[in-house]
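Undergrad: Below is the structure I would like to discuss, written out as structure tokens.
The values are calculated or read from the model by the stated rules, or taken from the named source; none is laboratory data. Everything numeric here is computed off the predicted structure, so don't read it as measured data. Positions of Cβ are backbone-derived with ideal geometry, glycine not excepted, and every protein chain shown enters the neighbour counts. Remember, those area values only see protein heavy atoms, side chains included, never the ligands or the DNA or RNA. Shrake-Rupley method; radii C 1.70, N 1.55, O 1.52, S 1.80 Å.
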Amino acid sequence: SDWSSDVCSSDLRDRQGSYEPKIIGKYDRNADGMEEKILAAGFRFFKTTLQLEADLSRLAYPLEETLARRREALAAQGLSLRYCDEALLPQVMRLWEEYLDPMDVPYTHGKGAEDERVLCVVDGEDRVAAAKWWRCENRTQEGRHTVTDPAYYRRGLGTTLLLAQFQYARERGILRNVTWVSDENERSLAMCQKVGLTLNGRSSKQYILS
């Protein structure tokens, strides 16, 4: 189907699946104790992050109407959007620490940006189902650190948070969005491209585990 109609859809069916990670058979014989050996030797690796951008004045779908329909779909599931506060922050940090790469956890939350926000999807008992961080600085909105509790996968929560982020920027006259996604996160990359973000660059950093 046409990608713009996918964005506008309020059909948030839960397509539950299961996945159990395992070592490929031919490598299994070398797996015993390998992690400890790598750490002891000081393992170097590169992490690549993709930079995607969007001109928020030229989206191919009506942003306000689309977001309104998605809010209604959330409400039908007993969910709503709410900005992170001191009461929600421990839950958000737990999600980030559990499901993000350790190098991506934003421990600097709330420091130094002109306008920094964490928007959450919460249920009727204020349990956090998903969260997204962004900041607005120098007429640019930068977004990253989107995480969804696996119990709420396949409900479009990440897309709804992205659209809410776009609307927040447009209401303040900010029309440039830059979003960062790990090159290994194919699902997030597809979601970003669906809402109009296009690949504009990449950044690689070397890390040493010692």
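Undergrad: How many nm is it between the label spots at ARG139 and ASP126, if each spot is 7 Å from the Cα in line with the beta carbon?
TA: My value for the distance between the label points is 4.0 nm.
Undergrad: Okay, moving on. Taking square-rooted eigenvalues a ≥ b ≥ c of the alpha carbon gyration tensor, is the range 119-206 rounded, prolate or oblate, where a/c under 1.5 means rounded and, failing that, a/b exceeding b/c means prolate?
TA: Values: a/c = 1.87, a/b = 1.22, b/c = 1.53.
It comes out oblate by the Cα gyration axes.
Undergrad: When all protein chains stay in place, what accessible area (Å², nearest 10, 1.4 Å probe) is found for ASP55?
TA: For ASP55, solvent-accessible area is about 70 Å².
Undergrad: How large is the accessible surface of SER203 in square angstrom, using a 1.4 angstrom probe and rounding to the nearest 10?
TA: For SER203, the solvent-accessible surface is approximately 40 Å².
Undergrad: Could I ask something else about it? How high is the FRET efficiency between ALA75 and THR48 when r is their beta carbon distance and R₀ equals 30 Å, given to the nearest 0.05?
TA: Computed FRET efficiency for ALA75 and THR48 comes out at 0.20.
Undergrad: At what distance in nm do the modelled label points of ASN185 and GLN167 sit from each other, each positioned 7 Å from its Cα along Cα→Cβ?
TA: 2.2
Undergrad: Compute the length gained on full extension between ARG176 and SER203: take 0.36 nm times their separation in residues and subtract their Cα-Cα distance, giving the result in nm to one decimal. List each step's numbers first, then the result.
TA: Values: separation 27, 0.36 × 27 = 9.72 nm, distance 1.90 nm.
Working it through step by step, the gained length comes to 7.8 nm.
Undergrad: For the range 131-210, what proportion of DSSP beta bridges, expressed in % and rounded to the nearest 5, is antiparallel?
TA: Bridges in the range 131-210 that DSSP calls antiparallel: roughly 65 percent.
Undergrad: Separate question: Rounded to the nearest 10 Å², what accessible area does MET93 have for a 1.4 Å probe in the complete protein model?
TA: Result for MET93: roughly 40 Å² accessible.
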